[in-house]
Amino acid sequence: NYFQSSARKYAGTLGGVFFLGILFSFVKVPCTAPMLLVLLNKTITNGTVNDLALLLAFSGGVLTPFIGVGMIGGYTLSKQIRSYKMYLKKISGFVLILLGLWIMA
């Protein structure tokens, strides 16, 4: 209850969103750190534009789902969107399954 009430209280402020982003970073670092270190090493040692493009593409790919979750989280605060909560859960679950199948293929 404490975390839910804190998230609701501070999710609408700039500082609160920044703090939530820091918390999400702790979640994603263990998953992305090995690949990020490989790309950073490759970019620093070779220094080609292609290596930099790979690093930027990887960073964009890591950031995109978090932006999506943040935008959806902000929209769910409105009363009009809450009435479609069941549909949003089903659609997001379906998209998650499709992404999982696409990654396994």
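Taken together, the values in this text are just the output of simple stated rules run on the coordinates, not laboratory data. Since we're looking at a predicted model, the values are computed, not measured. FYI the Cβ positions are ideal-geometry reconstructions off the backbone, even for glycines, and counts take in every protein chain you see.
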Practice problem: Under 14 Å from the Cβ of F19, count the other residues' Cβ atoms, weight Lys and Arg +1, Asp and Glu -1, and hand me the total. | Solution: +2
Exercise. Report the extension gain between Y2 and T32 in nm, rounded to one decimal, defined as 0.36 nm multiplied by the number of residues separating them, less their alpha carbon distance.
Key: 7.9 nm
Quiz item: Excluding L37 itself, what net charge comes from residues whose Cβ is under 15 Å from its Cβ, given Lys and Arg +1 and Asp and Glu -1?
Solution: +1
